[in-house]
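The values are calculated or read from the model by the stated rules, or taken from the named source; none is laboratory data. Every value quoted in this text rests on a predicted model; they were computed, and no experiment measured them. Heads up, the Cβs are rebuilt from the backbone with ideal geometry, glycines too, and the neighbour counts pull from every protein chain shown. The area values use the complete protein model at the heavy-atom level, side chains included, leaving out ligands, DNA and RNA. Shrake-Rupley method; radii C 1.70, N 1.55, O 1.52, S 1.80 Å.
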2 protein chains.
Amino acid sequence: MGSYDDLMAYQRQTEALAQIAGRLSWDRETVMPRGAAAQRSEEAGALHEVLHIRRTNPAIGDWLASASAQPLSQDGKAQLRHITRSYVRAQRVPGNLAAALARQTALSQFAWAEAREADDYAGFAPVLAEILALKREEGEALAAGGDVYDAMLDDYEPGAKAADLDSMFAALRPGLIALREAALGATPAPHVTGRFDSEAQMRLARQLVLVCGYDMTRGRLDKAVHPFSSGSGSDVRITTRTAEGDPFNCIYSTLHEAGHAVYEQSIDPAYALTPLGAGVSMGVHESQSRIVENQLGRSRAFTGWLYARMRDAFGDFGIDGEDAFYAAVNSLHRGFIRTEADEVQYNLHILMRYDLERALVAGDLAPADLEAAWNDRFEADFGYEVPVASLGCLQDVHWSAGLFGYFPTYTLGNVYAGCLDVTLREAIPDLDSHLAQGDMTPAMAWLREAVQRHGGLYPPRELITRACGFAPSEAPLMEYLEAKFGALYPAAHS
Amino acid sequence: MGSYDDLMAYQRQTEALAQIAGRLSWDRETVMPRGAAAQRSEEAGALHEVLHIRRTNPAIGDWLASASAQPLSQDGKAQLRHITRSYVRAQRVPGNLAAALARQTALSQFAWAEAREADDYAGFAPVLAEILALKREEGEALAAGGDVYDAMLDDYEPGAKAADLDSMFAALRPGLIALREAALGATPAPHVTGRFDSEAQMRLARQLVLVCGYDMTRGRLDKAVHPFSSGSGSDVRITTRTAEGDPFNCIYSTLHEAGHAVYEQSIDPAYALTPLGAGVSMGVHESQSRIVENQLGRSRAFTGWLYARMRDAFGDFGIDGEDAFYAAVNSLHRGFIRTEADEVQYNLHILMRYDLERALVAGDLAPADLEAAWNDRFEADFGYEVPVASLGCLQDVHWSAGLFGYFPTYTLGNVYAGCLDVTLREAIPDLDSHLAQGDMTPAMAWLREAVQRHGGLYPPRELITRACGFAPSEAPLMEYLEAKFGALYPAAHS
C-alpha cells in the first residue's frame with residue numbers, strides 16, 4: 001500500500017493548507033483590519049504559491065501510476081479519481097498561463113469594480129476581452145481537443161456537458177417567462193413595514209441555523225458584507241447580513257448559507273482533509289442551499305412558523321396573517337439584480353448569463369457587444385429595459401474573476417433541489433406538519449443520508465440519481481414552481 | 001544583486017507564511033469553534049512543516065554565500081545577519097531531533113496541564129526530564145562547543161550571555177527582597193469594591209489602546225482567555241480579558257499588550273515581511289510592553305487621569321481620591337503566581353526561575369528535586385511557604401513547552417524599560433503633565449524614534465545603548481523601584 005498511502009499523506013497536507021487559505025478568506029471578510037489588505041494579499045499569494053507547487057508536483061504523477069495498480073476500496077478509487085482529475089488539470093495549464101491568469105483576474109476585478117461604479121461598460125470591455133482570451137487559452141489547454149466550454153464547466157461541475165444544460169435550460173425558459181408575465185400584471189404582494197433591529201435579526205438568524213441542524217460547536221455565524229459559508233470538516237463558518245428595512249434578506253441569506261454549511265458538516269468525518277471531504281460540485285452544493293432556502297424555508301408550512309417567530313421578535317410589521325406572510329416571502333417582483341431575484345426570475349437571470357458566456361467563449365459574441373446583447377435579452381425575458389450597466393452586465397463579479405462556466409451551476413442546483421424535494425416529500429409524507437412547527441430535522445436527516453454524507457464519493461449526477469431513484473431533469477423544478485406560483489399568481493396558470 | 005534579491009524574495013514568502021501561522025493562532029484563541037481543535041492542529045502542523053522545509057532549504061546557504069560577497073547597504077547587512085543566524089540554527093539541529101522535540105513538547109504540555117490540575121509534581125517530573133534531555137541535546141548542537149545555556153538564551157535574546165545576566169540579577173535581588181519585606185509588614189493598600197461591567201471595561205480598554213497610539217485600522221482588540229498581541233506589519237492584533245471583580249486585570253493587560261503591539265506597528269514599513277520587520281528580541285519587546293504598563297501606565301500622573309476615567313465608567317468603586325487609587329494600582333501584595341505579581345515581586349519570580357533552569361540545564365539540579373528547590377527558594381525570597389505545586393513549580397507552561405532560556409528575558413525587559421524610562425524623562429521634562437491628561441503621545445513618539453522603528457536593524461543590546469546613550473544596567477530599574485515603592489512603603493527606604 002506504499003504509493004497510495006504516501007499519496008494520501010501528501011494530499012492530506014495539501015488539503016490542510018487549502019483549509020487555511022479558506023480561513024484566511026473568512027478572516028479577510030469578517031475581522032481583518034482594513035489597513036491590512038495589501039499585506040494580506042501578499043500573505044495569501046505566498047500560500048497559494050505553496051499550494052500550486054504542491055498540486056503540480058510531478059511526484060503525484062508517479063504515486064498515481066503505482067497506486068492505481070494497487071487493489072483499492074471504493075473510497076480509495078474515488079480518492080484517486082479526484083486526485084487524478086486535479087493533477088491532470090494542473091498539468092495541462094502551463095505555469096506562465098496560470099500566473100498570467102492570476103495577475104489578470106486580480107487587475108480585472110479592480111477594473112470591474114471601477115467600471116461598475118462609473119456605469120462604464122465600454123471602458124471595461126477591453127479588460128474583459130483580455131481575461132476572456134486568457135480563459136479561452138486555458139480552456140483549450142484543459143479541453144485537450146474536446147469542447148472548450150465543457151472544459152470550463154468541468155471546473156465547477158465535474159462531468160457536466162453544455163449539451164445537457166442546453167436542453168434543460170431550453171425546457172425551463174418558456175415556463176419561467178410565463179410565470180414572470182403573470183406576476184408582472186398581478187396585484188403586488190404585501191410588504192413589510194417598519195425598522196427591524198439588527199441584533200434581533202441576528203438572534204433570529206442564530207435560531208434559524210440551529211433549525212437547519214447546523215452544529216455551532218463546529219462553526220460560527222457572523223455578520224459580513226457578503227453572506228457566505230466557508231470551510232470543510234469541523235470548522236465550517238457562516239456569514240450573513242442584516243438590512244434594517246428588509247428582514248427577509250437576513251433570514252433567507254442565513255437559511256441559504258446554512259444549507260451549504262450543513263452539507264459540509266454532514267460529510268462522513270472519515271473523509272475529512274481528503275478530496276472526498278468537501279461538497280462534490282457547485283451544482284450539488286447549490287441544491288443543498290436552495291432546498292433549505294426555498295423548497296423548505298419558503299414553504300407555506302415553514303413560513304407559518306416563521307411568521308410567529310417574526311411577530312415574537314419584531315411585533316407588528318405590517319403583514320396580517322400567515323397567508324399574507326407567505327405571499328410576501330414569495331413575491332415575484334421587478335428588479336435587475338440577480339442576487340435579489342425571486343425563485344422564478346433567478347433562473348431567468350442564469351439562463352441569460354449562460355447563453356451570453358457561451359457565445360463569448362465560442363467567439364460568437366465580441367466583448368464589445370456584450371452590453372447590447374445583455375440589454376436585448378433582458379428586455380425579452382424580463383419585460384422591461386436595463387437603465388444602466390451597473391444594473392445590467394456589470395452587476396456580477398464572475399466574468400471579471402475569470403469564472404466562465406460557473407453561472408449555470410446555480411440553476412443546475414435549483415434543478416437538483418427540485419428533484420430532491422419531490423423525492424423527499426414522498427419519503428416523508430408528513431413533512432409539512434414538521435415544518436409547520438419549525439422542525440427541519442426529518443428533511444435534513446434525509447438529505448444527510450441521501451446526499452450529504454457521501455461527500456465526493458460519487459460524481460454529481462450519479463449522486464443525485466442515487467438519491468432520487470431517477471435521472472435528474474428540470475421537470476420537478478418546473479412543476480414545483482408552476483404549482484406554487486400558479487397558486488400565488490393565478491393568471492400564470494390559466 | 002542576483003543572489004541577495006533572490007534570497008530576499010524567498011525570505012519574503014517565508015515571512016508571509018509565518019504571518020499566516022500567527023493569524024491561525026489568533027483565530028484559535030479568539031474565534032475558532034471549540035470542535036475545530038483537532039482539525040486545526042493538523043492544519044497548523046502542515047503549515048509548520050512547510051515553514052520548516054523552507055527554513056532548512058540548502059538553497060539559502062548558497063544564496064548567503066554569494067550574497068555576502070556583494071556590496072550591501074546597512075539594512076542589507078542586517079537582513080543577512082538575521083537570515084544567517086536562523087539558517088545556521090536550523091542547520092545545526094538534526095531533523096529527527098527537531099521532530100522529537102515537536103512531538104515531545106506537544107505531549108509534555110498536555111501532561112503538564114494534567115499534573116497542574118492534580119497538583120502532582122512527582123508525576124510530571126519524568127516528563128520534564130525527557131523534555132530537558134532533548135532540549136539539552138538541542139542546546140549542545142546549537143552551542144557547537146560553546147555554553148549550552150547561552151545557546152538556549154540566544155533563541156530569545158540574540159547575543160545575550162548568562163554571565164551578564166548573573167551579575168545583573170545578583171545586583172537586583174537584595175533590593176527587591178528589601179522592598180518586598182517592607183511591604184509585607186505595612187498596612188495593605190486600599191482595594192476596589194463592587195462589580196465592574198465587562199462591556200464597560202472593554203470600552204475603557206478601547207480608549208486605552210488609542211492612548212498608547214495603537215492604530216486600530218491596522219489591528220483589532222478582542223477578548224480572549226489569555227491576553228496576547230500577535231502579528232507584524234499592518235495586521236497586529238491584541239487580546240485582553242475582563243474579570244468582573246478586578247478592573248485592573250483588564251486595564252493593565254491591555255496596556256501591556258498595547259505596548260507590544262505598538263512596537264510592531266511602529267517598525268519602518270520598508271521592513272515589512274522581512275527579518276527586520278519584527279521586534280528584535282523578547283527582552284526588547286518586553287521593555288516596550290512594560291514601560292507602557294508600569295513606568296507610564298502606573299505612574300502617579302497617568303493614574304490620576306485613569307482614576308477620573310474609571311469614575312466616569314464605574315461610578316464609586318470604593319477608592320477615594322487619586323492618591324489612594326495610585327496606592328491601589330501599585331500595591332505590593334502576597335501571592336504565588338508570577339503573572340499576577342506586582343512590579344517588584346515579578347522580578348523575584350523571574351530570578352528564581354532563572355537560577356533553577358540554569359541548574360536544571362547544567363545538571364546541578366535533577367528534575368525530581370525541582371519542587372523542593374522551588375519551595376525553598378520561594379520561602380527565602382518571598383517570606384512564606386508554597387502550599388501546592390499548582391501555586392509553585394507547576395504554575396508556568398514554559399518548561400513543559402521546552403522554553404528554557406525564555407524566563408530571564410522578562411526581567412531583562414524590565415531592566416531595559418528602566419533604562420529607557422530614565423532617558424525618556426530626561427528627554428521630555430514635562431512628561432508628567434502630558435500623562436496627567438492621559439496623553440502618552442510624546443512618550444510613544446520618543447520610543448518609536450529611539451527603539452521601535454528600527455525593527456531588527458541593531459542587535460538588542462546595541463539598540464538600547466543607542467537609545468539611552470549608555471550601556472544598559474539594572475541600576476535605573478532599581479532606582480525607579482526604590483524611589484516609587486520606598487515612598488509607598490516607607491519602611492523599605494529607612
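Out of region B:290-304, which residues are buried (at least 24 other Cβ atoms within 10 Å of the Cβ) and among the polar types (S, T, N, Q)?
B:Asn294, B:Gln295
So that you can scan it fast, the table gives a plain yes or no per residue for (1) touching a strand residue (DSSP E or B) at 6+ places or on another chain (Cβ under 8 Å); (2) closer than 17 Å to B:Asp166 by Cβ; (3) modelled with pLDDT under 95; (4) surrounded by 21 or more Cβ atoms within 10 Å (Cβ to Cβ):
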| residue | (1), (2), (3), (4) |
| --- | --- |
| B:Val344 | no, no, no, yes |
| B:Asn347 | no, yes, no, yes |
| B:Ile350 | no, yes, no, yes |
| B:Arg377 | no, yes, no, no |
| B:Ser390 | no, no, no, no |
| B:Trp399 | no, no, no, yes |
| B:Gly405 | no, yes, no, yes |
| B:Thr411 | no, yes, no, yes |
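A:Leu360 fails exactly one of the following numbered conditions: (1) in contact (Cβ under 8 Å) with a residue 12 or more places away in the chain; (2) open to solvent by 20 Å² or more (accessible area, probe 1.4 Å). What is the number of that condition?
(2)
Of all residues in region A:142-159, which are open to solvent by less than 30 Å² (accessible area, probe 1.4 Å) and of a type in the set (Gly, Ala, Ser)?
Hits for region A:142-159 are A:Ala143, A:Ala151.
What helices (runs of 4 or more DSSP H) lie completely within region A:337-447 and have 3 or more residues being closer than 30 Å to A:Thr242 by Cα?
By residue number, A:345-362, A:408-427, A:431-435.
Conditions first: (1) more than 17 Å from B:Trp26 (Cα to Cα); (2) open to solvent by less than 30 Å² (accessible area, probe 1.4 Å). A:Ala9 passes all but one, so which condition is the exception?
(2)
Taking the stated definitions as given, is B:Gly61 more than 9 Å from chain A (Cβ to nearest Cβ), modelled with pLDDT under 95 and surrounded by fewer than 19 Cβ atoms within 10 Å (Cβ to Cβ)?
Taking the combined requirement at face value, the residue does not satisfy it.
Looking for whichever is free of Cβ contacts under 8 Å to residues at least 60 places away in the same chain and buried (at least 18 other Cβ atoms within 10 Å of the Cβ) here; the options are B:Tyr263, B:Tyr271, B:Tyr307. Which one fits?
Exactly one of B:Tyr263, B:Tyr271, B:Tyr307 is free of Cβ contacts under 8 Å to residues at least 60 places away in the same chain and buried (at least 18 other Cβ atoms within 10 Å of the Cβ), namely B:Tyr307.
Need the failing condition index for A:Arg466 against (1) open to solvent by 50 Å² or more (accessible area, probe 1.4 Å); (2) in a helix (DSSP H, G or I); (3) more than 27 Å from A:Ala78 (Cα to Cα), just the number.
(3)
Name the pairs: first residue in region A:20-32 and within 23 Å of B:Leu221 (Cβ to Cβ) and open to solvent by 10 Å² or more (accessible area, probe 1.4 Å), second residue of a type in the set (Gly, Ala, Ser) and not in a helix (DSSP H, G or I), Cβ to Cβ under 6 Å, at least 6 apart or on different chains?
Correct list of pairs: A:Glu29/A:Ala224; A:Thr30/A:Ala224.
Among the listed residues B:Phe336, B:Phe317, identify the single one that is in contact (Cβ under 8 Å) with a residue 40 or more places away in the chain and open to solvent by 10 Å² or more (accessible area, probe 1.4 Å).
Being in contact (Cβ under 8 Å) with a residue 40 or more places away in the chain and open to solvent by 10 Å² or more (accessible area, probe 1.4 Å) holds for just one of B:Phe336, B:Phe317, which is B:Phe336.
Which of the numbered conditions does B:Val280 fail, given that it passes all the others? Conditions: (1) open to solvent by less than 20 Å² (accessible area, probe 1.4 Å); (2) assigned to a helix (DSSP H, G or I); (3) not small (Gly, Ala, Ser).
Of (1) open to solvent by less than 20 Å² (accessible area, probe 1.4 Å); (2) assigned to a helix (DSSP H, G or I); (3) not small (Gly, Ala, Ser), only one is false for B:Val280: (2).
Scan region B:235-260 for residues that are over 15 Å from the mean Cα position of the chain (by Cα) and surrounded by fewer than 22 Cβ atoms within 10 Å (Cβ to Cβ) and jot them down.
B:Arg241, B:Thr242, B:Ala243, B:Glu244, B:Gly245, B:Asp246, B:Phe248, B:Asn249
Tell me whether region A:123-134 contains one or more residues that are more than 30 Å from A:Gly363 (Cα to Cα), out of contact with any Lys or Arg (no Cβ under 7 Å at 6 or more places or on another chain) and surrounded by 14 or more Cβ atoms within 10 Å (Cβ to Cβ).
Within region A:123-134, not a single residue is more than 30 Å from A:Gly363 (Cα to Cα), out of contact with any Lys or Arg (no Cβ under 7 Å at 6 or more places or on another chain) and surrounded by 14 or more Cβ atoms within 10 Å (Cβ to Cβ).
Within region B:33-58, track down each residue that is open to solvent by less than 60 Å² (accessible area, probe 1.4 Å), within 21 Å of B:Val88 (Cα to Cα) and of a type in the set (D, E, K, R).
Result: B:Arg54, single match.
Considering (1) farther than 23 Å from A:Val50 by Cα; (2) buried (at least 18 other Cβ atoms within 10 Å of the Cβ); (3) over 26 Å from the mean Cα position of the chain (by Cα); (4) more than 14 Å from chain A (Cβ to nearest Cβ), say which one B:Leu80 fails and leave the rest.
(3)
Mind checking which pairs have a first residue in region A:440-456 that is under 14 Å from A:Asp421 (Cα atoms) and a second that is open to solvent by 30 Å² or more (accessible area, probe 1.4 Å), Cβ under 6 Å, 6 or more apart or different chains?
A:Pro442/A:His434; A:Met444/A:Gly213; A:Trp446/A:Ala427
When you look at A:Ser331, is it surrounded by fewer than 19 Cβ atoms within 10 Å (Cβ to Cβ), touching a residue at least 24 places away in the same chain (Cβ under 8 Å) and not in a loop (DSSP other than H, G, I, E, B), yes or no?
The answer is no for A:Ser331.
Right, B:Gln74: over 30 Å from B:Ser390 (Cα atoms), among the polar types (S, T, N, Q) and either open to solvent by less than 60 Å² (accessible area, probe 1.4 Å) or within 14 Å of chain A (Cβ to nearest Cβ) (or both) or not?
Criteria not met by B:Gln74.
Taking the criterion of being open to solvent by 30 Å² or more (accessible area, probe 1.4 Å), at pLDDT 95 or above and under 29 Å from B:His398 (Cβ atoms), would at least one residue in region B:196-203 satisfy it?
No - not one qualifying residue is present in region B:196-203.
Give me the residue from region B:193-219 that is among the small types (Gly, Ala, Ser) and away from chain A (no Cβ under 14 Å) and, out of that set, nearest to B:Ala270 (Cα to Cα).
Here the answer is B:Gly213.
Checking A:Glu49 against (1) within 13 Å of chain B (Cβ to nearest Cβ); (2) in contact (Cβ under 8 Å) with a residue 12 or more places away in the chain, which test does it fail?
Going through (1) within 13 Å of chain B (Cβ to nearest Cβ); (2) in contact (Cβ under 8 Å) with a residue 12 or more places away in the chain one by one, A:Glu49 breaks only (2).
Check region B:94-101 and report whether any residue there is within 25 Å of the chain's Cα centre (by Cα) and away from chain A (no Cβ under 14 Å).
yes
When region A:220-237 is examined, which residues are found to be touching a strand residue (DSSP E or B) at 6+ places or on another chain (Cβ under 8 Å), within 11 Å of chain B (Cβ to nearest Cβ) and on the phi < 0 side of the Ramachandran plot?
A:Arg220, A:Leu221, A:Asp222, A:Val236, A:Arg237
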